[in-house]
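Data first, discussion second: the structure below is written as structure tokens.
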Amino acid sequence: MSNPQIFFNEVNERQGEFGRRAFVFGGLLGLGVVALGGRLAQLQVIENSRYTKLSDNNQFDFRLQPPPRGLIVDRNGVVLASNRPDFRLLFMRDEHMKPKDVEEIVDRLAKLVDLDDAHKRRVIADIKNAPRRAPVAVVEDMSWEEFSRINVRAPELPGVTADMGEVRVYPFGGAFAHVIGYVAKVSGNDVPKVGPIDPILLNPGFRIGKQGVEKSFDPVLRGKAGARKVEVDVKGRVVREDPAGDIASVPGSTIQLTLDADIQNRALEVFGEESGAAVMMDCRTGDILCLMSAPSFDANRFVKGLTGPEYQALAQYDRKPLFNKALTATFPAGSTFKTMVALTALEMGVSPDKTHTCGGAFPFGGHVFHCDKSHGTLNMHQAIVTSCDIFFYQTALEVGPDKIAETARKFGINQTFPEIHIPQNKGTLPDTAWKERVFHERWWPGETPSFGIGQGALAVNPLQLCVMCSRIANGKKQLMPRLVKSIGGKDLPRGDEVPDIPVDPEHLAFVRKAMADVVTSGTAQLTAKLGLGPIMMAGKTGTAQAHTYKGARGTVHMEWAMRDHAWFIAFAPVDEPRYAMSVLVEHGGWGASAAAPRAAEIMKVALLKDPEIRARIVTPLPNPEPVGANPDGPPVEGAAPEAPTPIPGQPQQPTAPPPLPPAQQIEPQ
């Protein structure tokens, strides 16, 4: 057996190699420590004064924070316009960034979010035109996935940030679009050319009211901007934030309208694809409950921004969804205006019993004026109920155009109402002075018959006819319509805080009675009944000629644009008027068949929502007499029978079937 041998030279060689490596690494580490120490010494000692000056150039700055826009609610607190979170993609160009760099970054963003070529070109142009270090909104209303992708890759995208703001939202889409309006981005026309500029208007993505209530009350809804305190360097880049120094924004005030969401939505629903308007007022207070124009549009699309083809489709549609027909469209009043002619005659002393004979035609001044049928001999009440044109041709000639126009002005025709706070078209109310002023001509007698039936140069909007009907229904007050109930919780003046109508109340009662009979036995008897038991509606039909026809007027069979306009004004209940309305169906044909049924459906909603009216419709049945309340009288119908009385001497039968045997004892059959 051989003894083990130890090779000392191999061990010494390994120890030497380890020592050399340790020396090399130690030397490198020492050099690193020396270099780091030298650099720190250079920064803190040698260049201390230079960096002290640079830090002194840093300053605290305040970045504007847009306030939450105020809510818009209906009379019952239903939200009509509110705000929701909005994920935004912003781009801020600094002074070192070249146009080519901007295009490259936008191309990279297009791989992360949905950006088509047109959108990319628009964004690049906005970035180039924007001041340096001014953020530009690239994409708004991003999804959570897009927001996350941008934040993950933010370090790779210079100048790009993704944050969360707020965007306006309209829960009911198109039902309130014309009255509430919408908000949109600030354009060059919104920034004043001279004078101070509100800095919040330059904030990326900031939106202001462009139409309707949103525009009229934009300063109130906008609120007061706050500020976020940050420290920035000389290049404007944020170094750090100072939350303790932030200035809180003041939210916009809440605006409560007098509208009722249920009535407004029902109005848009019953119109379907038809064009027109519906306006309803509380004829006791003047509050507007419905102000609907059809067809409508989705206001939410305008918040995001419509594409060119989308806007062209809306603008070129022949039924004009962008046009507010309730306030700015004017039409001949048709036979609804006969109420004004009748009141004028009564005020001038014409007896309501005076008669005229209708044979279907009335020759006057070289023209023949027609009626839809031969009504025979009628008095004023019958003429309103049957809507006889020839009666009112002759009545208008008797009282004259100036007196008719004077009466019409007392009832809101040819007026605008500042309490609506939305632009209106006052239309035309012709008289002799108007003819001289506009055409520099005298009023010809042959113009009066057409004026007497609401045709000729007369032009009104649906709001004016609703005001006219509400004043007739009220019978006393010269009601003014009110659209805004309160701002920030402070109520605005009501519409009944006005003088009385300078008209004999008995004459108004006469017209109301005639309008009631229009629905029960007149031109609207087949189409305007409510079917609500004792609650009845009064109204007046109107068919306004839109074109000059040769031959018979087959309005139902003509092309849409050639048909007459259909009107219906109404109030209910007849015995205690609460709600008045006007309904226009543009090119709808006859007022009785197109406008009256829609008015009845809308009126039902208002009546059924009124607790007092509903109590009159739903009459509770009397309570049944309690069982046993009269033991000596006849048995109460529906009461449980008494237990049978046993007969003496007779075997008693069981009053209940015997119990079944236990289940386990029943043999299967």
In terms of modelled amide H atoms, which long-range or inter-chain residues lie less than 5 Å from the amide H of Arg482?
Asp287, Ile288
Please work out the Cα center distance from the range 522-545 to the range 414-483, rounded to the nearest Å.
23
Full extension between Val33 and Glu145 adds, at 0.36 nm per residue less the Cα distance, a length in nm of 35.7 nm
Rounded, prolate or oblate: pick one for the range 297-391, where a ≥ b ≥ c are the square roots of the eigenvalues of its C-alpha gyration tensor, a/c under 1.5 means rounded, and failing that, prolate if a/b is larger than b/c, else oblate.
prolate
May I ask for the Rg/Rh ratio of the range 82-184, computed from Cα atoms with Rh as the Kirkwood radius, given to two decimals?
1.04
For the peptides 379-386, 354-361, 254-261, 438-445, what is the packing order when you average, over each peptide's residues, the other Cβ atoms within 10 Å and list the highest mean first?
254-261, 379-386, 354-361, 438-445
Once each part is reduced to its C-alpha centroid, what is the distance from the range 153-218 to the range 250-323 in angstrom?
20
So what's the range 354-426 giving for Rg/Rh, alpha carbon basis, Kirkwood Rh from the mean inverse pair distance?
1.13
Pairs from Lys215/Lys325; Lys229/Lys490; Lys210/Lys320 whose Cα-Cα separation, in the structure shown, is over 22 Å:
Lys229/Lys490
I'd like the Karplus ³J(HN,Hα) series for the range 498-511: coefficients 6.51, -1.76, 1.60, θ = phi - 60°, whole numbers in Hz, and an x wherever there's a Gly or Pro.
9, x, 6, 6, x, 9, 4, x, 5, 5, 5, 5, 4, 5
Convert 37 °C to kelvin, take the viscosity as 0.692 mPa s, use the Kirkwood radius over C-alpha pairs of the range 128-213 as Rh, and evaluate the Stokes-Einstein diffusion coefficient in µm²/s, rounded to a whole number.
210
So, in nm, how far is label Ala546 from label Ala561 when the simple model puts each one 7 Å beyond its Cα toward the Cβ?
1.0
Which order do the peptides 364-373, 103-112, 163-172 take when ranked by the mean count of other beta-carbon atoms within 10 Å per residue, highest first?
163-172, 103-112, 364-373
For the peptides 294-306, 457-469, 513-525, what is the packing order when you average, over each peptide's residues, the other Cβ atoms within 10 Å and list the highest mean first?
457-469, 513-525, 294-306
All alpha-carbon distances of the range 388-513, grouped into 10 Å bins from 0, give the whole-percent distribution 12, 36, 33, 14, 4, 1
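No value in this document is a laboratory result; all are computed from the given coordinates. Model, not experiment: these values are computed from the prediction. Cβ sites come from the backbone with ideal geometry, for glycine too, and all protein chains shown count toward neighbours.
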